[in-house]
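Okay, so here's the structure we're looking at.
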Amino acid sequence: MTSSFPSRLLENAVDEFSKLPGIGKKSALRLVLHLLKQEKESVFKFSESMRSMREEIVYCKSCHNISDEEICHICANTNRNHGLICVVESIRDVMAIENTQQFNGIYHVLGGVISPMDGIGPDDLSIGPLEEKIKSGDVEELIFALSTTMEGDTTNFYLFKKFEKHQVKMTTIARGVSIGDELEYTDEVTLGRSLVNRLPFENTL
């Protein structure tokens, strides 16, 4: 079958861009043609940033957030309250909460939520390292800040039952975040208020 592309190199580039989420072939072609119009140095800088990101980014040994160093800048900040841990699903949730400027603790990124339909169980999440932090006795409060979906609520309940024997205070963000909402799409004001007005988790059962 004859290709409609005038260049195999162009077609290959379009194919790679179209693998990105939400990018169809037409959008991919538009992006590639835009890059083709740029100075070579600009395009080389773009490609180098992608390569560096993939090769050099690591996960923080403490909270499992994405980082440039073994310990991320949030965990390394001595001005933050390290006894207050906000439990989130992903890096995008860390970014959303940081944008509210209402939280001065640290985070623990689970890497997902319990979802039997997707084959994700507790063993697939970074729950073990979180329990080790609690056992150290340095944790004053856990804030469950997972999305208010069925999977998020299931994960909250699992963590609550698992950690209640450790006598650590456990709270959850207030329901200013609508039921079924993904945390990363909640506006900053609502999310900030939900953190400030958090509730004891047992009050939500």
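The values are calculated or read from the model by the stated rules, or taken from the named source; none is laboratory data. As the structure is a prediction and not an experimental result, all values here were calculated from the model. Note that we place each Cβ from the backbone using ideal geometry, even for glycine, and neighbour counts take in every protein chain shown.
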Q. Is it the case that Gly111 is in the same structural domain as Arg198 (by TED's automatic domain parsing), more than 14 Å from the chain's Cα centre (by Cα) and of a type outside the set (Asp, Glu)?
A. no
Q. Which of the residues spanning region 26-44 are in a helix (DSSP H, G or I) and surrounded by fewer than 12 Cβ atoms within 10 Å (Cβ to Cβ)?
A. Lys26, His34, Lys37, Lys40, Glu41, Ser42, Phe44
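Restricting to region 57-94, name every residue that is among the charged types (D, E, K, R) and farther than 20 Å from Thr171 by Cα.
Selection gives Lys61, Asp68, Glu69, Glu70, Arg92.
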Q: Could you tell me whether region 130-151 includes any residue that is more than 15 Å from the chain's Cα centre (by Cα), over 21 Å from Phe201 (Cα atoms) and of a type outside the set (S, T, N, Q)?
A: no
Q: Output yes when any residue across region 81-91 is closer than 19 Å to Leu142 by Cα, aliphatic (A, V, I, L, M), more than 10 Å from the chain's Cα centre (by Cα) and surrounded by fewer than 19 Cβ atoms within 10 Å (Cβ to Cβ), and no when none is.
A: yes
Q.
So if I check each of Leu183, Leu159, Leu195, Leu191, which one is at pLDDT 90 or above and under 22 Å from Met95 (Cβ atoms)?
A. Leu159
Q.
Checking Met50 against (1) assigned to a helix (DSSP H, G or I); (2) under 29 Å from Gly152 (Cα atoms), only one condition comes out false. Which one?
A. (2)
Q: Hey, could you check region 127-157 for residues that are of a type in the set (Ser, Thr, Tyr) and not in a loop (DSSP other than H, G, I, E, B) and say which is surrounded by the most Cβ atoms within 10 Å (Cβ to Cβ)?
A: Thr155
Q. What are the residues in region 158-168 that are farther than 25 Å from Lys61 by Cβ and either part of a loop (DSSP other than H, G, I, E, B) or among the small types (Gly, Ala, Ser) (or both), if any?
A. Gln167
